[in-house]
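Okay, structure first, notes after.
The values are calculated or read from the model by the stated rules, or taken from the named source; none is laboratory data. What you see is a predicted model; the values in this text were computed from it and never measured. Every residue, glycine among them, receives a Cβ derived from its backbone with ideal geometry; neighbour counts consider all protein chains shown. Only protein heavy atoms, including side chains, enter the accessible area calculation; ligands, DNA and RNA are left aside. Shrake-Rupley method; radii C 1.70, N 1.55, O 1.52, S 1.80 Å.
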Amino acid sequence: ASNQSTALFAVISALVGFLFAFNAMLLTVPQRRRLIVDLRRDGYTPGAVIAVLLLDAVVLGLIATALGLLLGDELSIHLFHSNPGYLSSAFALGSERVVSSQSIAIAAGGGMAAACVAVLSPLRDILSRDPLAATTLKEGSGDSQSSWLLLSGLAALALTLGILLLAPEEAIVGMVSLIAALLLLLPIPLNATLLLVKRAAPAVTSVVPHIAVMELRSGQSRAVAIAATGAIAVFGAVSIQGAHGDLLKGLENAARDTNASTDVWVSAAGSSNLLMTTPFHPTAQGRLEKLGGVQSVGLYRGGLLDEGDRRIWVIAPPSGASPLIPPTQVIEGNVAQADARLRQGGWAVVSLAIVEERHLHIGQPFTLNAPHATTMRLAAVSTNIGWAPGAIIISADDYARAWESTDVSAYSVRVKPGITPRQIRGEIQTALGPQTGLAVQTSEQHEDKLVAITRQGLTRLSQIATLILIAAILAMAAAMGALIWQRRPRLAKLKLEGFARTELWQTIVMESFLLVGVGCTTGALFGLLGQQLLDHALSTVINYPVVSSLGILDAIISLALVTAAAVVMVAAPGYFASRVPAALALQD
C-alpha cells in the first residue's frame, strides 16, 4: 500500500512539474512563431524547422533535467530519510538508499517531453503550405471544444465512480481517471467564473474586473495550464492527506483495541519485538502472581506465520482476556458469539484478505498451516489490525497446540482495583530482576509505540503531499510572474489609454486570484472524491482498519494555503510590472 501510494503521488508530483515546464515553454511561443515564419521565408522545409525547434528543446530540456535530478538527489538525501522501523518489527531491513535507473529515466523523460510538446505546439502551422501561417493564432469552435471536454470529462468521472463502487481493487486506475476528469473539466468552471465576473462587473465602479476577464480570455491556454498546476497539486494533497488521516485513525483504534485486554505487558526486550512475537519460557508467572498489586497473569502467545507470499500476524491472547478479540476490528460476524467461540477453542477470527483468498465463510473449517497443521473454524472476519499481510486471532491454548510449544510471547498482567499500571510496573521489573531479558511496559506505553511506529511508516506520504503543495506554489508563482513580466508592453498600452498604475496592479492580482482560486477549488473538490476512493481501496482491498471521513478541513487548508501563497508571490512582480512606463507601448 505504501509503495503504491508513493508511486501514485510521485506521478502527481511529476505532473505538476510537467505543467510547470509546459507553462514556461508556452511563454516563448510568440517568439518561436516569429522564428518559424523567418525560417519558412528563408526557404527552410517543415522538417528542417522541426529539427531546429527540437534541438532547442533538447538543449533546454537536458540542462533543466540535469539540474532537476541533482536537486532531487539532494532532497532524497537530506529531506526524505529512510524510516524502516515499522517493517523491521517483522523483516530484516537496512536503511540503504536506492535510486533506480527507471526513476531517473521517468524524471528525465517527463522533462524532455514537456519541452518538446510545448516547443512543437505550433506544429500545424509548421506543416502548413502557407509560410506565414504561424503569424496568426487560430481559435477553434469554443462550443464544440467545450462539449468535447465536457463529454470526455464526464466519461472519466463516471469511470472513477464505477471503480469506487464496483472495483475498488483498481483504485490506481480510478485515481488516474479522476485526474484526467479534473484536467478535462477544469476549463468549464474557469469559463463559468469568468462569465460570472463579467456579468457582475457592471455593478462595480471599477474597470479592474473588465480588464481581468479580458486578459484571461485572451490567453486561455496559458490560463488553463496555470490553473491546472494548482488543481493537480491541491487534488493530490487533499486526497493523500485525507486518506492518510483516516488510515491513522483506524490504526490508532486497532492499537487501542489490541491493548485493551491488559494493564501491563511483560515481553522480550528489543525494538524488533513490537508485535510481541519473540517466545520465551514462562518461568516467572508464579512469581508475578504473588505481587500484592497483581490480580492475574495471563499467558499471551503470538507469532508470524509464513504462508505463500504472506507473513501473517497470529495473535493469541489468553482465554481469560477481556475483550478477547478487538471489537471495532470485526467487519463480519457477531462479536459476542465470536468471542465465546474463541474461548471454547478451535475457532479463529481471520482478516478479510485471507478469507477472500481462501474463499471462506463463517463457520467453515480451514487448515492453519502452523508447525502442527490444525483445523480451525472461522468465527468472524476482521480487518488486518494494522498488519498489511493479514492477521489471525486464536486463543493462546490453540496456539500452544498448533505450535507444539508451551513458550509464551508475553505476560498479560491485570492489576487490582485502586492500583495504577505505572505503580505496579516498577515492582514487576524488580521481581523479574535485571538478567531476565524481559521488558515491562504499560498497555498505554505499548499503544503509544504502535501508533508512533505507524506514523513513522506513513511519514513519506505526508512529505510527498507537502512537497506537491510547495512545488505547485513555486510553479504557479514563477509561471504567472514570467507571464506578467512578458505582458509589460500590453500593460504600457493600457496605461497609455489612461488606466492608472493602481488599477493595473489590482487587475494583475485579481487575475492571479481567479486563476489560482478556481484551479485550487476544483482540485480540492476532486481531492475529496479521491480520498473516498483511496479509503475504499485501503479498507476493502488491503483490509486496513480505516475510519472513513470527508476531509473538508484539509481541503480548505490546502486550498487557502496554495491560493494565498501564490497570489502573494505574484503580487510583487505584478507591482513592478504595473510601473512600466507608457512610452514602452510606442516602441517597436
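Let's see how each residue does on (1) part of a loop (DSSP other than H, G, I, E, B); (2) at pLDDT 85 or above; (3) open to solvent by less than 30 Å² (accessible area, probe 1.4 Å):
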residue	(1), (2), (3)
D130	yes, no, no
L137	yes, no, no
S144	no, no, no
W148	no, no, no
L154	no, yes, no
L161	no, yes, no
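Quick grid of which residues meet (1) in contact with a helix residue (DSSP H, G or I) (Cβ under 6 Å, 6 or more places away or on another chain); (2) surrounded by fewer than 17 Cβ atoms within 10 Å (Cβ to Cβ); (3) closer than 25 Å to G153 by Cβ:
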position	(1), (2), (3)
L178	yes, no, yes
A181	yes, no, yes
N191	no, no, yes
K198	yes, yes, yes
A201	yes, yes, no
V204	no, yes, no
Q220	no, yes, yes
V224	yes, no, yes
T229	yes, no, yes
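Would you be able to tell me the number of residues in region 81-127 that are modelled with pLDDT of 65 or more and either out of contact with any helix residue (DSSP H, G or I) (no Cβ under 6 Å at 6 or more places or on another chain) or surrounded by 15 or more Cβ atoms within 10 Å (Cβ to Cβ) (or both)? Outline the logic, then answer.
Our first condition is that a residue be modelled with pLDDT of 65 or more; within region 81-127, this holds for 97-127.
Okay, now just the ones that are also either out of contact with any helix residue (DSSP H, G or I) (no Cβ under 6 Å at 6 or more places or on another chain) or surrounded by 15 or more Cβ atoms within 10 Å (Cβ to Cβ) (or both), so 97-126.
Adding up the residues that qualify gives 30.
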Exercise. Among the residues of region 260-293, how many are open to solvent by 10 Å² or more (accessible area, probe 1.4 Å), hydrophobic (A, V, I, L, M, F, W, C) and touching a strand residue (DSSP E or B) at 6+ places or on another chain (Cβ under 7 Å)?
Worked result: 4
Exercise. Out of the residues in region 163-174 that are open to solvent by 70 Å² or more (accessible area, probe 1.4 Å) and of a type outside the set (A, V, I, L, M, F, W, C), which is modelled with the lowest pLDDT?
Worked result: E169
Problem set entry | Residues of region 569-588 satisfying the condition of being over 12 Å from I484 (Cα atoms) and small (G, A, S) | A582, A583, A585
Exercise. Are any residues in region 341-356 touching a residue at least 60 places away in the same chain (Cβ under 8 Å) and not in a strand (DSSP E or B), and if so, which ones?
Worked result: L352, A353
Exercise. So is T205 modelled with pLDDT under 90, outside any helix (DSSP H, G or I) and over 26 Å from the mean Cα position of the chain (by Cα) or not?
Worked result: yes
Seminar exercise, completed: Exactly one of S558, S548 is outside any helix (DSSP H, G or I) and under 12 Å from G242 (Cα atoms), and that residue is S548
Problem set entry | Filter result (open to solvent by 40 Å² or more (accessible area, probe 1.4 Å) and within 30 Å of T283 (Cβ to Cβ)) within region 300-353 | L304, D306, R311, G320, S322, P323, R343, Q344
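Take S512 and decide whether it is assigned to a helix (DSSP H, G or I), of a type in the set (G, A, S) and surrounded by 20 or more Cβ atoms within 10 Å (Cβ to Cβ).
On the way: assigned to a helix (DSSP H, G or I): yes; of a type in the set (G, A, S): yes; surrounded by 20 or more Cβ atoms within 10 Å (Cβ to Cβ): yes.
Taking the combined requirement at face value, the residue satisfies it.
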For this session: Sort out which residues of region 181-198 are over 17 Å from the mean Cα position of the chain (by Cα) and either acidic (D, E) or closer than 19 Å to L528 by Cβ (or both), and write them in order of number.
Result: A181, L183, L184, L185, L186, I188, P189
